[in-house]
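Colleague: Structure provided below as C-alpha cells; questions to follow.
The values are calculated or read from the model by the stated rules, or taken from the named source; none is laboratory data. The model shown is predicted, which means the values in this text are computed figures rather than measured ones. Counting neighbours? That spans all protein chains shown, and the Cβs are built from the backbone with ideal geometry, glycine included.
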Amino acid sequence: MRNRSRKMGWTLAATMLAEMLCVGAPAQAQVKTYTPGEYPAPKDPPYKVNATVEDLLPIAQVLVRKPAERQPLEPGYGIKPGQRVLILVATTFDDRVLEAIRRAIEELGGKPDVLKTWTAQQARMTRNQGHEEIERFAALGAPPVSDFRKDVTVAGKYDLLLNGSGGPIPITSFGWEYIPWDTADKFMFSQAGLPYEVQHVLDQKAWDLLLRSRQIHNTDPEGTDMTWDWHPNFVGLLREEWPNYSVVLAGHISPFPLLISPKEANANGTIGGTINHTGTFPHILLTIRNNEIAKVEGGGEYGKLWQEMLESCRGIQYPGFPAPGCGWFEESSVGTDPWRARALKYADYSGDSWERGRTGVIHWGLGVSRNTTALPAVQKWLQDNKTKAGGGHWHVHTYFNTMDYTLNDGKQFRLIDKGHLTLLDDPEVRKIAAKYGNPDEILKEKWIPGIPGINMPGSYMTDYGRDPYKVIAAQLAEIKSKAQMAESQTGSEK
C-alpha cells in the first residue's frame, strides 16, 4: 500500500511538473504538414535599398491629398493652402521620406516645419526578442496627462501635427495625424501611395459585413482555431470606446470588439504563432475559454513572462472587463493594406512588425487595454492603481488565416482565404481600382511570408517554430543582398 501511495505521489508530481514545463517549452500545436501549393507561395516586393527622394515623391503626393480622418493605421494629411504643419519625428527617421513629404506639402501650399527629437539608436537584435513586449506594452496603458507635443504645437500655432505611429490618436484642438514611415521601404510598401478611394472601399466593405454577422470563425496553420459571437449591441459599445470613428479602425478592422471584451462574445479556441510587435519568439499556443487566456503553452521567454503577468494580476478587477485578471481577448484586427511588406530592418531592431497591416494578416491582442484617450476615468484608474500589467495588452500575429463570417441570414461569407483578403476580388472594388490603373496590380498583395512547413518545404516546428528569428534573419539578409546587387548592376549599366 505504501509503495502504491509513493508511486501515485510520483505520478502526480510528474504530471504537475509536465504541466509547469509546458510554459516556455515549444508548444506541440496541431500545425499542418507542408503540402506543395496548399498555401500561397512566398513573395517579396521589389525592395530598393538606395531609394531616392525622387522615388518617394510620387507616394508623398498621394498621401498629402488623402483626407485627414485621424485614423491611426491609415493616415491622410488633407493639406490646404496656407496650412501650418509641424512634422515632429525622431532623429532616426529616414531623411528621404521626410524630404519627400515636406516637398509634397509645399507643393499644395502648406507651410511645413520639421523638428527632430533625439532618440538613441537601438541595440541590434540578434535573436528572438518577442518577450520584450511584455514589459514594454504594460507601460502603454496610461499615457501622461501633460504632453510636450501638444504644448509645442499649440505654442507654435500649427494647424496640423504629424507625429507618432500607433495606438489611438490624442484628442486635440488641432489636427493630428501619424507619420509611421521611418524607413524608405516602409513608405514604398504601404497604403501611403494606395489610392484613397481603393483603401476606403476595402475598409467600408469589411466593416459593413461585420455589422451583418452573428458569428466569426478563424483558423490558421500555426495552430489558431477561434470562434466567437457578434451581437448588434457591440456597435454601441464601440461608439463609446471609439467616438468619432465611423469604422473601427480603418486599415485594421477588428471583428472582435476592439479593446473591449464583452462576455456575450463567448470566445473560445486557440491562438498560435511566433511574432508580435517587438520581434519573434518560439511557437506559442494560447488556449482561450470564455474570452480569457486559460493556458499558455510554449513561447520560450515570452510564454514564461506572459504566464507570470497573468499570475500577478489574477485578483485585480480592471475597468470594463467581465471579471478580475489581465488575460482578456480584446482584439483580432485584420489588415486591409495589400501593399504592406516586411520591413527590411525587421531582423535588426526590436519593435518593427510593419507587416501586421497587410491584407489578411491578423493582429491578435489580449490583455486589459482601453482607449484611454476617450475614457479619462479609466486613465485615472490606471494612474492611481499601479499594477504590473498597467493597462497593456500583448500580441500574436498570424499570416495564413481563413476567416468565415456567419451572417444574420445564416449564409457564410469567407473574408480571408489562406491569408488572402477576398474583398480584393470584389467586383466593385476592382471597378474602383481600375480608375487608377490595372486592378490586378493595384489589388495584388506585394508580400507573402515564407514559413517552412506551411508554404515552403520543411518541418514547421523543427525548421521554423523553435527559432523563427534564425529563419527570418536569413531570409532578409538574402533579400537585401539581392536588392543591393540588382541596384549596383543597374547603376553600372547607366
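Colleague: How many residues does region 242-283 hold that are within 17 Å of the chain's Cα centre (by Cα) and under 29 Å from K345 (Cβ atoms)?
Modeller: The total comes to 19.
Colleague: Select from region 365-385 the residues that are assigned to a loop (DSSP other than H, G, I, E, B), β-branched (V, I, T) and surrounded by 21 or more Cβ atoms within 10 Å (Cβ to Cβ) and list them in ascending order.
Modeller: Within region 365-385, V368, T372 qualify.
Colleague: Also: Give me the pairs: first residue in region 308-321 and under 17 Å from L382 (Cβ atoms), second residue in a helix (DSSP H, G or I) and of a type in the set (D, E, K, R), beta-carbon distance under 8 Å, and six or more apart or on different chains, which are they?
Modeller: No pair meets every condition.
Colleague: Given the conditions (1) crowded, with 18+ Cβ neighbours inside 10 Å; (2) touching a helix residue (DSSP H, G or I) at 6+ places or on another chain (Cβ under 7 Å); (3) modelled with pLDDT under 95, report the number of the one that A341 does not fulfil.
Modeller: (3)
Colleague: So, one more: When you go through Q199, Q204 one by one, which is the residue that is part of a helix (DSSP H, G or I) and crowded, with 21+ Cβ neighbours inside 10 Å?
Modeller: Sole residue among the options that is part of a helix (DSSP H, G or I) and crowded, with 21+ Cβ neighbours inside 10 Å: Q199.
Colleague: Hey, does region 380-396 have a residue that's free of Cβ contacts under 8 Å to residues at least 60 places away in the same chain and in contact with an Asp or Glu (Cβ under 9 Å, 6 or more places away or on another chain)?
Modeller: No, that holds for no residue.
Colleague: Please find, among A27, A13, the residue that is at pLDDT below 90, of a type in the set (A, V, I, L, M), outside the structural domain of V248 (by TED's automatic domain parsing) and buried (at least 20 other Cβ atoms within 10 Å of the Cβ).
Modeller: When all the criteria are applied, what remains is A27.
Colleague: Can you spot a residue in region 243-258 that is over 23 Å from Y302 (Cβ atoms), assigned by TED's automatic domain parsing to the domain that holds A294 and part of a helix (DSSP H, G or I)?
Modeller: No: zero hits.
Colleague: As an exercise: evaluate E19 against (1) in a helix (DSSP H, G or I); (2) among the acidic types (D, E); (3) at pLDDT 95 or above; (4) farther than 22 Å from A341 by Cα and give the number of the one condition it does not meet.
Modeller: Result: E19 passes all but (3).
Colleague: Take region 117-138 and flag every residue that is touching a Leu at 6+ places or on another chain (Cβ under 8 Å) and either assigned by TED's automatic domain parsing to the domain that holds D159 or among the aromatic types (F, W, Y) (or both).
Modeller: Once the filter is applied, which keeps residues that are touching a Leu at 6+ places or on another chain (Cβ under 8 Å) and either assigned by TED's automatic domain parsing to the domain that holds D159 or among the aromatic types (F, W, Y) (or both), region 117-138 yields only T117.
Colleague: Restricting region 367-404 to residues that are out of contact with any strand residue (DSSP E or B) (no Cβ under 8 Å at 6 or more places or on another chain) and of a type in the set (A, V, I, L, M, F, W, C), which is farthest from P319 (Cα to Cα)?
Modeller: Filtering region 367-404 for residues that are out of contact with any strand residue (DSSP E or B) (no Cβ under 8 Å at 6 or more places or on another chain) and of a type in the set (A, V, I, L, M, F, W, C), the one farthest from P319 (Cα to Cα) comes out as A374.
Colleague: Name the residues in region 446-494 that are of a type in the set (A, V, I, L, M, F, W, C) and part of a helix (DSSP H, G or I), would you? Give the steps one after another, and end with the answer.
Modeller: So in region 446-494, the residues of a type in the set (A, V, I, L, M, F, W, C) come out as 447-448, 451, 454, 456, 461, 471-474, 476-477, 479, 483, 485-486.
Of everything in region 446-494, those that are of a type in the set (A, V, I, L, M, F, W, C) and part of a helix (DSSP H, G or I) turn out to be M461, V471, I472, A473, A474, L476, A477, I479, A483, M485, A486.
Colleague: Looking at (1) in contact (Cβ under 8 Å) with a residue 24 or more places away in the chain; (2) over 30 Å from K411 (Cβ atoms), find the lone condition where F174 falls short.
Modeller: (1)
Colleague: Do you know which residues across region 214-245 are among the polar types (S, T, N, Q) and either crowded, with 16+ Cβ neighbours inside 10 Å or in contact (Cβ under 8 Å) with a residue 40 or more places away in the chain (or both)?
Modeller: Q215, N218, T219, T224, T227, N244
Colleague: In region 304-362, which residues are in a strand (DSSP E or B) and closer than 22 Å to W228 by Cα?
Modeller: Step one: filter region 304-362 for residues in a strand (DSSP E or B), giving 328-335, 337, 358, 362.
If the condition is that a residue be in a strand (DSSP E or B) and closer than 22 Å to W228 by Cα, then W328, F329, E330, E331, S332, S333, V334, G335, I362 are the ones that fit.
Colleague: Across region 268-303, which residue is farthest from G223 (Cα to Cα) among those that are of a type outside the set (F, W, Y) and assigned to a helix (DSSP H, G or I)?
Modeller: Once the filter is applied, the top-ranked residue is E301.
Colleague: Of all residues in region 207-242, which are part of a loop (DSSP other than H, G, I, E, B) and of a type outside the set (F, W, Y)?
Modeller: R212, P221, E222, G223, H231, P232, N233
Colleague: Only one residue in P58, P42, P75 is closer than 22 Å to T359 by Cα and out of contact with any Asp or Glu (no Cβ under 7 Å at 6 or more places or on another chain), so which one is that? Can you show your working first?
Modeller: Working: P58 fails: closer than 22 Å to T359 by Cα; P75 fails: out of contact with any Asp or Glu (no Cβ under 7 Å at 6 or more places or on another chain).
Checking each option against the conditions leaves just P42.
Colleague: Tell me, which helices (runs of 4 or more DSSP H) wholly within region 38-145 include 1 or more residues that are within 30 Å of G465 (Cα to Cα) and of a type outside the set (S, T, N, Q)?
Modeller: 132-138
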